[in-house]
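What follows is a single structure, written as structure tokens, with notes after it.
The values are calculated or read from the model by the stated rules, or taken from the named source; none is laboratory data. All figures in this text were calculated on a predicted structure; none of them were measured in a lab. So basically every Cβ, Gly included, is an ideal-geometry build from the backbone, and we count neighbours across all protein chains shown. All accessible areas refer to the heavy atoms of the entire protein, side chains included, with ligands and DNA or RNA removed. Shrake-Rupley method; radii C 1.70, N 1.55, O 1.52, S 1.80 Å.
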Amino acid sequence: MDHSGPGMTMDLPPFTLGRGLQWSATDPFFLVACLVGLALYGWGVVRLRRRGDAWPVGRTIAFVAGVLSIGLVMCTKLNDYGMVMFSVHMVQHMVISMLSPILILLGAPVTLALRALPTAGRGRKGPREALLMFLHSRYMRIITHPAFTIPLFIASLYALYFTPIFDFLMGSRTGHIAMMVHFLAVGVVFFWPIMGVDPGPNRPGYLIRMLELFAGMPFHAFFGIALMMASTPMVETFKNPPASLGIDALSDQNAAGGIAWAFSEIPSVLVLIALLFQWYRSEQRQAKRTDRAADRDGDKELEAYNAYLASLNARGR
């Protein structure tokens, strides 16, 4: 099996950030997917605006940033170098599984779809009704439950990289695309119940969500430490990098481990900030509801008291 990657040549020059960020059309799947995602989201925002409904600009910015982050690691030379360099591949993995999902979820695409899609009418089912059924399905309850998301999040590291599955997937273009789609999906289902804005079947309290976050993040750090401390290359695909790159496989693996270890802190901070902000907003909304309820109760008491005074006045007359 040629572990230089599907469709890759062996004469890549030494990696630099400038070369890595150059445009690459070797894998159009993610380019098409990103363009379609941006187009659909833009259609939803425009539809809301035309009928006079507001949509937060911050959500649009977050979603666009999330999609662009996918394009950055999958539609540039980073993807080419990621086929032969463990360190660059790890950058792709960390971005597409931990940064991109967080930004996309902050964009609330499901909420936008529910607001933008038209209702099918009584007795009929359209795209909006199908989406609602999917959100409330048993399947969604299972794949967003911590008993499923946390083990899946962990297995995507250890059961993939430390078994022949990774080498098998890296041996073909289809396998590579499937692996990256898997990384993105795992990130979405892991972070959605924790900090997603969209409605979901499993949405515990904020303290429980923080515990779910910290239950998964340490395994990323342990995974990175295992790669950094290894004395021999552990992944067959990256054991023999092209001579033109001028890199050592073990040093590159150590760099990949350092990236995995350090990157686990970035999503933790982003998710904690989002959780604290959502918690604060939730408390504010609850306080407003309590104030409104108190005002209504006070108005009723005042009306009752005025009625009582009026009845006394009528008796005196």
Discussion item. Condition first: part of a helix (DSSP H, G or I), open to solvent by 30 Å² or more (accessible area, probe 1.4 Å) and touching a Pro at 6+ places or on another chain (Cβ under 9 Å). Can you find one or more residues in the stretch 220-232 that meet it?
Written reply: no
Worksheet item: Which is of a type outside the set (Val, Ile, Thr), at pLDDT 90 or above and surrounded by 12 or more Cβ atoms within 10 Å (Cβ to Cβ), of Gly58, Gly37, Gly7, Gly20?
Response: Gly37
Worksheet, complete the sentence: Filtering the stretch 85-142 for residues that are exposed (fewer than 14 other Cβ atoms within 10 Å of the Cβ), among the aliphatic types (A, V, I, L, M) and not in a helix (DSSP H, G or I) leaves a count of 1
Worksheet entry | Selection from the stretch 181-214 of residues that are in a loop (DSSP other than H, G, I, E, B) and open to solvent by less than 20 Å² (accessible area, probe 1.4 Å) | Gly196, Asp198
Worksheet item: Is the stretch 160-170 home to any residue that is in a loop (DSSP other than H, G, I, E, B), open to solvent by 40 Å² or more (accessible area, probe 1.4 Å), closer than 24 Å to Pro241 by Cβ and without any contact (Cβ under 8 Å) to a residue 24 or more places away in the chain?
Response: yes
Item to complete: Report the residue count in the stretch 143-159 for those that are in a helix (DSSP H, G or I) and loosely packed, with under 15 Cβ neighbours inside 10 Å.
Response: 5
Worksheet entry | Test set (1) modelled with pLDDT of 85 or more; (2) closer than 16 Å to Leu99 by Cα - Gly216 fails condition number | (1)
Response to the item:
Of the residues in the stretch 171-180, those that are among the hydroxyl-bearing types (Ser, Thr, Tyr) and assigned to a loop (DSSP other than H, G, I, E, B) number 1
Discussion item. Return the residues of the stretch 233-261 that are open to solvent by 30 Å² or more (accessible area, probe 1.4 Å), out of contact with any Asp or Glu (no Cβ under 7 Å at 6 or more places or on another chain) and over 30 Å from Ala274 (Cα atoms); say none if nothing qualifies.
Written reply: Pro233, Met234, Lys239, Asn240, Ala243, Gly246, Ile247, Asp248, Leu250, Ser251, Asn254
Fill in: Residue list for the stretch 71-84, restricted to those being open to solvent by 10 Å² or more (accessible area, probe 1.4 Å) and under 18 Å from the mean Cα position of the chain (by Cα)
Gly71, Leu72
Item to complete: Scan the stretch 228-265 for residues that are touching a residue at least 40 places away in the same chain (Cβ under 8 Å), aliphatic (A, V, I, L, M) and touching a helix residue (DSSP H, G or I) at 6+ places or on another chain (Cβ under 7 Å) and jot them down.
Response: Met234, Val235, Ala249, Ala255, Ala256, Ile259, Ala260
